[in-house]
Amino acid sequence: MTADTIESLVSECNIDHSVKPSEVYHGGTANGRKRLRKFVEEILPDYDKARSKPDRDGSSRLSSYLHFGFLAPLEIALAVQAADAPQESKDAYLEELIVRRELSYNMTRHNPKYDSLDALPAWVHKTMREHADDERQFNYSLEQLEAGETHDELWNAAQREMVETGEMHNYVRMLWGKNVIAWSPSHEVAFETLVHLNNKYCLDGRNPNSYAGILWCFGKHDRPWMERDVFGQIRYMTSGSTGKKFDSKKYIEWTKGL
């Protein structure tokens, strides 16, 4: 099948054609295995520390290959187990690949409300009700968020990475979700915004992991934390504290060059 044939077939699909193909990540099993080799040989040895550094190529970036079925989790797990890497790095990755992934898949399989706030536990609904009318310091429209036009340069960088590449580093992805909650007129609007942006731009959007990750931002698979405005007892994250844990300036500059 030629590139022209593929382009012609894609043009007939009922999808949002305003979203351009990623120039960084490419589909197919061959590309997935190429990335897997790079991961186990170059990244996995330091994965336990590197995975939380968005300024580095320190994560697997295999989620889209799993989502589209180009790679099976068993193939990845066996490659990780056979790799020449410290056991703590192997354990850290396998916990994400197997335990957390299965947790997400089980949630979407057994909870018919997985794609709504109704999937959240009772304590989250209670705290959201109690803080529904809290004043928001910032209130951005969907259009402003989609364009990455906020006061927060780190958040804008995460949004830019997602739009331009189809991926977002998991560490800033958590912050990305938390800030949309802080900047939306209601928790319901925040959830709708996150699902829309994630599913529109992320190569691994519409995946059980995506829904579980978004719901985690609202307290799913988490516990109550200290009370705060807007969030109530939902875990809170700030760009200031998050950006100190890695070279955020380097990450921001990298996204500007995409």
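The values are calculated or read from the model by the stated rules, or taken from the named source; none is laboratory data. Everything quoted here is computed from the prediction, not taken from an experiment. Because the Cβ atoms are built from the backbone with ideal geometry, glycine has one as well, and the counts that use them run over all protein chains shown.
Of note:
- Arg101 vs. criteria modelled with pLDDT of 95 or more, assigned to a helix (DSSP H, G or I) and touching a Lys or Arg at 6+ places or on another chain (Cβ under 7 Å): no
- Scanning segment 137-154 for residues that are within 15 Å of Trp254 (Cα to Cα) and surrounded by 20 or more Cβ atoms within 10 Å (Cβ to Cβ) yields one hit, Leu154.
- Test: residue in segment 89-110 that is under 16 Å from Ile43 (Cα atoms) and of a type in the set (S, T, N, Q): yes
- Test: residue in segment 176-187 that is touching a Lys or Arg at 6+ places or on another chain (Cβ under 8 Å), over 16 Å from Ile214 (Cα atoms) and not assigned by TED's automatic domain parsing to the domain that holds Glu42: yes
- The lone exception for Glu23 - which of (1) over 22 Å from Thr255 (Cα atoms); (2) surrounded by fewer than 18 Cβ atoms within 10 Å (Cβ to Cβ) it fails: (1)
- Scanning segment 58-65 turns up no residue that is in contact (Cβ under 8 Å) with a residue 12 or more places away in the chain, among the hydroxyl-bearing types (Ser, Thr, Tyr) and touching a strand residue (DSSP E or B) at 6+ places or on another chain (Cβ under 7 Å).
- Residues in segment 121-154 that are hydrophobic (A, V, I, L, M, F, W, C) and in a helix (DSSP H, G or I): Ala122, Trp123, Val124, Met128, Leu142, Leu145, Leu154.
- Among (1) of a type outside the set (Gly, Ala, Ser); (2) in contact (Cβ under 8 Å) with a residue 60 or more places away in the chain; (3) farther than 24 Å from Glu96 by Cβ, the one test that Glu192 misses: (2)
- The listed residues are Ile15, Ile43, Ile6, and the only one of them that is in contact with a helix residue (DSSP H, G or I) (Cβ under 7 Å, 6 or more places away or on another chain) and among the hydrophobic types (A, V, I, L, M, F, W, C) turns out to be Ile43.
- When Ser210, Ser239, Ser141 are checked against the criterion of being more than 20 Å from Gly257 (Cβ to Cβ), among the small types (Gly, Ala, Ser) and out of contact with any helix residue (DSSP H, G or I) (no Cβ under 9 Å at 6 or more places or on another chain), Ser141 stands alone in meeting it.
- Selected residue [within 13 Å of the chain's Cα centre (by Cα) and of a type outside the set (Phe, Trp, Tyr)] from Glu149, Glu153, Glu161, Glu143: Glu161
- Here segment 63-77 is the region considered, the condition is being under 15 Å from Lys38 (Cα atoms) and either small (Gly, Ala, Ser) or surrounded by fewer than 20 Cβ atoms within 10 Å (Cβ to Cβ) (or both), and the residue that is farthest from the chain's Cα centre (by Cα) is Glu75.
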